[in-house]
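Note sheet for the following structure.
The values are calculated or read from the model by the stated rules, or taken from the named source; none is laboratory data. Values in this document were obtained by computation on a predicted structure and should not be read as measured data. Using ideal geometry, Cβ is built from the backbone for each residue, glycine included, and neighbour counts are taken over all protein chains shown.
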Amino acid sequence: MAVNEGPGREPVEPEDLDEVDPLDDELVAAGVGPLQRATRAARAEEPSGWSVLADDVKRRARTITRPDHPVLVRLDADGSRTVVSSRVLLAAVRRLLGSAPTHAPDDVVFRVDDERLLAVEVSLVAAFGVDLVTLAEDVRAQVLEEIGSIVTGEGTDAPPLTVDVAVVDVVDGDPRVL
Amino acid sequence: MDHEPAGADWLVDASDEALVRQARLGEEAAFRVIVDRHGPGMYRYAIRLMHGSNHDAAEVTQEALISAWKSLASFEGRSSLRTWLFRMVHRRAADLQRHRRPTPIDDELLSRVVRPATDNPLQDVLDSELLGALQQALDELPWHQRATWLLREVEGLSYAEIGEALAMPVGSVRGHLHRGRRVLAERMARWR
């Protein structure tokens with residue numbers, strides 16, 4: 001139920017009552033009408049130049065590279081090395097874990113030591129009702145397969161890759177959009 | 001993708017929380033939606049706060065959004081994304097204000113009671129004229145009064161959210177807003 005209605009006033013919902021300034025009546029008498037009209041106009045205002053500014057921001061964002069680690073993919077007998085950026089691995093895992101409505105990635109951490117990928121730590125948000133143990137097992141297997149297809153470890157002395165999965169939140173619906 | 005939500009633009013309907021999760025993992029498309037969703041309010045706030053200067057407002061809004069993109073990993077969700085973004089734009093506006101206009105900000109200095117004008121120039125004013133008058137009145141408000149009024153009355157933040165955005169206790173928000181409302185109402189009274 002809206003209250004505090006009257007000329008020149010917006011309805012105030014009950015939960016906002018503690019935020020009604022006690023000066024309101026005095027302000028109305030002092031000429032809050034024009035201020036109300038100006039406030040409404042200000043709320044509706046679409047600032048000029050926004051679309052150009054938004055394009056600039058998005059363009060700049062694309063040029064910003066985030067911190068990453070080189071990960072050794074393979075080492076040839078002649079000493080040639082192939083490395084991949086951890087950003088490439090992150091993009092692969094992000095795509096992989098964003099393909100089902102049962103879960104979404106919250107965080108992905110790559111543990112790298114001397115260019116050797118040791119572990120992938122995946123934090124997930126799951127949909128309510130999903131069997132979390134089964135989900136964790138499935139995600140672990142998928143991540144191992146995906147990363148293993150990129151980081152073959154051929155010719156290197158990298159230890160077997162481990163994947164740790166933690167479910168950090170559960171939401172009622174598709175966690176990719178909630 | 002196997003089970004992508006319906007529609008090519010499904011990110012547009014994603015919650016702020018979902019967008020933050022994806023943007024934090026480097027998903028640029030999620031960040032672009034954040035920009036489109038919250039950028040106009042940030043820019044509008046910056047313009048009014050920075051004396052109507054689109055140039056200054058564009059600078060602080062851009063810096064705030066780029067900084068957000070770089071530091072999303074540190075966003076812990078203690079406040080809403082919107083509040084966090086307003087805090088970033090406010091900080092940059094304050095920095096710019098300090099560097100360009102080194103006049104000390106004294107909230108009491110300009111808190112004088114302004115006598116209502118006795119003339120009655122127009123009944124049906126155009127929005128643009130009203131907005132011009134509002135900007136003039138805002139320009140005379142002390143910094144914190146202007147900021148709290150804009151965030152509450154134009155952007156619709158709660159007192160608690162304003163406190164988060166401006167790093168001040170709710171009691172101070174209430175005080176600044178109270179004084180700002182009074183001065184603005186008196187200033188605008190001539191437009192009755």
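Observations on the structure shown:
- Positions within the stretch A:135-159 being of a type in the set (Gly, Ala, Ser) and either touching a residue at least 12 places away in the same chain (Cβ under 8 Å) or surrounded by 15 or more Cβ atoms within 10 Å (Cβ to Cβ) (or both), in sequence order: A:ALA136, A:GLY148, A:GLY153, A:GLY155, A:ALA158
- Of residues in the stretch A:74-90 being more than 8 Å from chain B (Cβ to nearest Cβ) and touching a Gly at 6+ places or on another chain (Cβ under 8 Å), the one surrounded by the fewest Cβ atoms within 10 Å (Cβ to Cβ): A:ALA77
- Test: residue in the stretch B:31-49 that is surrounded by 16 or more Cβ atoms within 10 Å (Cβ to Cβ), modelled with pLDDT of 90 or more and not in a helix (DSSP H, G or I): no
- Candidates B:LEU72, B:LEU65, B:LEU49, filtered to the one that is closer than 15 Å to A:VAL52 by Cβ and not charged (D, E, K, R): B:LEU65
- Filtering the stretch A:163-178 to residues that are surrounded by fewer than 14 Cβ atoms within 10 Å (Cβ to Cβ) and not charged (D, E, K, R) leaves A:ALA166, A:VAL168, A:GLY173.
To keep it simple, each residue is scored yes or no on (1) out of contact with any His (no Cβ under 7 Å at 6 or more places or on another chain); (2) of a type in the set (Val, Ile, Thr); (3) within 19 Å of A:PRO159 (Cα to Cα); (4) part of a loop (DSSP other than H, G, I, E, B).
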{"residue": "A:ARG74", "(1), (2), (3), (4)": "yes, no, yes, no"}
{"residue": "A:ARG87", "(1), (2), (3), (4)": "yes, no, no, no"}
{"residue": "A:ARG94", "(1), (2), (3), (4)": "yes, no, no, no"}
{"residue": "A:VAL109", "(1), (2), (3), (4)": "yes, yes, yes, no"}
{"residue": "A:GLY129", "(1), (2), (3), (4)": "yes, no, no, yes"}
{"residue": "A:VAL133", "(1), (2), (3), (4)": "yes, yes, no, no"}
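- Test for A:VAL93: is it farther than 17 Å from A:GLY148 by Cα, touching a helix residue (DSSP H, G or I) at 6+ places or on another chain (Cβ under 8 Å), β-branched (Val, Ile, Thr) and crowded, with 19+ Cβ neighbours inside 10 Å: no
- Those residues of the stretch B:13-23 which are touching a Leu at 6+ places or on another chain (Cβ under 9 Å), within 7 Å of another protein chain (Cβ to nearest Cβ) and crowded, with 20+ Cβ neighbours inside 10 Å, in sequence order: B:ALA14, B:ALA18
- A:VAL177 being part of a strand (DSSP E or B), at pLDDT below 95 and not acidic (Asp, Glu): no
- Candidate set: the stretch B:124-176, residues that are free of Cβ contacts under 8 Å to residues at least 12 places away in the same chain and in a loop (DSSP other than H, G, I, E, B); chosen: the one nearest to B:ARG190 (Cα to Cα): B:ASP124
- Meets criteria (within 30 Å of B:TRP10 (Cβ to Cβ), in a strand (DSSP E or B) and not hydrophobic (A, V, I, L, M, F, W, C)) for A:ASP138: no
- Answer residue from the stretch A:19-56, given it is part of a helix (DSSP H, G or I), under 26 Å from B:GLN62 (Cβ atoms) and at the interface with another protein chain (Cβ under 7 Å from one of its Cβ atoms) and is modelled with the lowest pLDDT among those: A:ALA41
- Checking the stated criteria, A:GLY98 turns out to be touching a residue at least 60 places away in the same chain (Cβ under 8 Å), in contact with an Asp or Glu (Cβ under 9 Å, 6 or more places away or on another chain) and under 30 Å from A:GLY173 (Cα atoms).
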